[in-house]
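The values are calculated or read from the model by the stated rules, or taken from the named source; none is laboratory data. Bear in mind that the values here come from a model prediction, so they are computed numbers and not experimental data. When we count neighbours, we look across all protein chains shown, and the Cβ atoms used for this are built from the backbone with ideal geometry, even at glycine.
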Amino acid sequence: MISSTFEYERVSTVAEAIERLQAAGGEAKLLAGGHSLLPMMKLRLASPGKLIDISAVQELHGIVREPDGLVVGALTTHAHVASSPMVREYLPALAQAASKVGDLQVRNRGTLGGNLSHADMASDLPAVALAYEAEVYVVTMDGEETLQAEEFFLGPLLTAMPENSVMRSVKFRTPPSGSKSVYEKVPHPASGYAVVGIAAVVAVNEDNVVTHARIGITGAADVAYRARGVEDALIGKAFTEEAIQSAAVYASDDGMIAGDLYASEAYRRQLCKVHTARALRKLLAQ
Amino acid sequence: MSQKQHVTLTVNGVKRSLEVEPRQLLVHALRDDLGLTGTHVGCDTSQCGACTVLLNGEAVKSCTTLTVQADGAEVTTVEGLGDMNDLHPVQEGFWEKHGLQCGFCTPGVMMTAVGLLKHNPNPTEEEIREGLEGVICRCTGYQNIVRAVQYAAQKTSQQGTAVEVAAAGSGSEE
């Protein structure tokens, strides 16, 4: 399948990319790895008049450690994120989720920034961005903007990215010391996308009382969400099997859960509960 | 039709220049313009992996890559792996372990296996199965494909050399 025609230009700086986006008057799309955009263009679900290839923009690559988190460049591939020793040490759920995106070939091309800005409702990374309270750094025509993960994902394929802007990087905050985190996924057997994906971050104090809990859930709702009902039920309680069971029942309360051909609404709610409990149990066992 | 663009690729160690439409997929440049028909188009929707080639040494799906995106890059296709007199360890594995039946998916599976072994020279069976998630074979049930990759890993570690592609390494410096 061949897409409709378009102009193609490779740029080498963020400023150049923004300038080209502005000049194209809404007709242009940014191209990074192309693993969300090109399949849509081949199916003619998207027909941009121009592609601005940003893959050679050096400042958008790589992972930098900061005191409160890791800043991942928007063009960093899933393969790079998944194998980064820093990510594996400080943000294990991010490494796990990145290693479960698509397949080996897709992870070699697909990028973190492309994945988040495409905002597929069943994508793995939004759950992790929520659980690690990520900040998205965006460059616009007027300067820099910071968007919190929770305000970034608005709906299926819809984000708060301003017009004519480029995602520079995403800071995933390292949780309080002593935290444990995990990404638990039920992949669709054919597509591999998450039917549900649960990113869980929990910290307990010396008395085994939960002091910090962040749960991000993707795939189940129209957009990834923070399961605040689960978090509130855990915080202040002893971290035990009983606490996990009574908290997990709230797993689908904070999302707009919908059914589709593969999974009914009731089944998805059940999966949210069961797999939130499984994710938390993995943390309990660590 | 949008204007054609000049693209230079190093394919299996040989520098090639092409004039292509921006919307041309890399797999069509390889098959239709360069006559390298070992790379196959299966699903054409980024699922089956029959079109897998190495782009700067990493396994990618050439049906989901524009030729213009590969401008300046090194591409290795199955034709660059080895030949009948000097099979690549992965090719030898497929030969010895009968890792194919109809053979349609085989070039893509082999290129994916090369990409897998590059980063993980001694994979477990589970790691091989996970690594080959992005290729679909409708004949074999994968059993002999896994054995073929295990053979290649073993052979390579016995030889004490990394699984690399001779032809790609001898190309021009990009």
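Here are a few things to note about the model shown:
- Among residues of the stretch A:208-237 being more than 16 Å from A:Ser179 (Cβ to Cβ) and among the acidic types (Asp, Glu), the one that is surrounded by the most Cβ atoms within 10 Å (Cβ to Cβ) is A:Asp222.
- Taking the conditions (1) assigned to a strand (DSSP E or B); (2) among the hydrophobic types (A, V, I, L, M, F, W, C); (3) touching a strand residue (DSSP E or B) at 6+ places or on another chain (Cβ under 6 Å) in turn, B:Val60 satisfies each one other than (3).
Listed here are the residues, each with its yes/no results for (1) more than 13 Å from chain B (Cβ to nearest Cβ); (2) in contact with a helix residue (DSSP H, G or I) (Cβ under 9 Å, 6 or more places away or on another chain); (3) within 25 Å of B:Pro22 (Cβ to Cβ).
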position: A:Gly34; (1), (2), (3): no, yes, yes
position: A:Leu37; (1), (2), (3): no, yes, yes
position: A:Pro48; (1), (2), (3): no, yes, yes
position: A:Gly69; (1), (2), (3): yes, yes, no
position: A:Ala74; (1), (2), (3): yes, yes, yes
position: A:Thr77; (1), (2), (3): no, yes, yes
position: A:Ala82; (1), (2), (3): no, yes, no
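- Qualifying position, being more than 22 Å from A:Ala98 (Cβ to Cβ) and either in contact (Cβ under 8 Å) with a residue 24 or more places away in the chain or under 22 Å from the mean Cα position of the chain (by Cα) (or both), among A:Gly236, A:Gly192: A:Gly236
- B:Ile136 over 19 Å from B:Cys43 (Cα atoms), out of contact with any His (no Cβ under 9 Å at 6 or more places or on another chain) and either among the aliphatic types (A, V, I, L, M) or in a helix (DSSP H, G or I) (or both): no
- Restricting the stretch B:30-54 to residues that are in contact with a strand residue (DSSP E or B) (Cβ under 6 Å, 6 or more places away or on another chain), at pLDDT 95 or above and closer than 18 Å to A:Leu38 by Cα leaves a set whose member that is surrounded by the most Cβ atoms within 10 Å (Cβ to Cβ) is B:Thr52.
- All positions within the stretch A:160-194 that are part of a strand (DSSP E or B) and more than 20 Å from A:Ile215 (Cα to Cα): A:Val166, A:Met167, A:Arg168, A:Ser169
- Only one of the listed residues (A:Ala98, A:Ala56) is among the small types (Gly, Ala, Ser) and out of contact with any strand residue (DSSP E or B) (no Cβ under 7 Å at 6 or more places or on another chain). That residue is A:Ala98.
- Test: B:Val27 is away from every other protein chain (no Cβ under 14 Å) and either more than 22 Å from A:Thr5 (Cβ to Cβ) or buried (at least 24 other Cβ atoms within 10 Å of the Cβ) (or both): no
- Residues of the stretch A:1-31 satisfying the condition of being among the hydrophobic types (A, V, I, L, M, F, W, C), at the interface with chain B (Cβ under 10 Å from one of its Cβ atoms) and out of contact with any Asp or Glu (no Cβ under 6 Å at 6 or more places or on another chain): A:Ile2, A:Phe6
- Test: A:Pro126 is buried (at least 24 other Cβ atoms within 10 Å of the Cβ) and more than 14 Å from chain B (Cβ to nearest Cβ): yes
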